[in-house]
1. How high is the FRET efficiency from residue 41 to residue 164, r the C-beta distance, R0 25 Å, rounded to 0.05?
2. Roughly what would the spin-label model give for residue 157 and residue 104, points 7 Å off Cα along C-beta, in nm?
3. Evaluate E = 1/(1 + (r/R0)^6) for residue 9 and residue 124, where r is the Cβ-Cβ distance and R0 equals 45 Å; express this FRET efficiency to the nearest 0.05.
4. Using Cβ counts within 10 Å as a stand-in for footprinting exposure, how do 58, 116 rank, fewest first?
5. Taking the Cα-to-Cβ direction at residue 84 and at residue 24 and moving 7 Å from each Cα, how far apart do the two end points lie in nm?
């Protein structure tokens, strides 16, 4: 059975209509461009559709380490009725935040792999969302002397890297809940870099809200 396709041709109109309504209702001066995945190959997850945002109010999407950007992506996935195993096919980005974060995670995973290999000791990453955990798993899937697994529940879900053949460790005790004041975001580590599409950028995208 073939999977459903998520491209500009198949769902572009639906995404544009939804985003136009949301951004208009929020009174945000933000534009967006749609790209098919084969136009932008830099994203490590290999999405089939990428939506890039820009404009005077794009900082509203970037507040709290991209919290609104990720929420908007999740709402769009609900509108498209995407299954949980299909979420990686759609990627929302602004100021290359997601692109840089994926590369940061990939390099961190490779560094941890070397540490686990040398010490023969498992390593626990800090809690991550499901998309970031997937990047770590993908980054290390070719390391045959290591294995990765997701552990924990809820917001404490994280990745553990083990030497191949080592049994899973028991779950650590839950950490006490700490108050996070207004403006507090997720843990540090999300990258934010300059805009732009890099040398020899992709073909002209499909544009919305212009």
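Every number in this text was worked out from the coordinates using simple rules, so none of it is lab data. If you're wondering where the values come from, they're calculated on a predicted model, not measured in any experiment. No Cβ is skipped: glycine too gets one built from the backbone with ideal geometry, and neighbour counts run over all protein chains shown.
1. Efficiency, from the Cβ-Cβ distance: 0.25.
2. A separation of 2.1 nm, rounded to one decimal place.
3. FRET efficiency, residue 9 to residue 124: 0.60.
4. Lowest count first: 58, 116.
5. My value for the distance between the label points is 3.5 nm.
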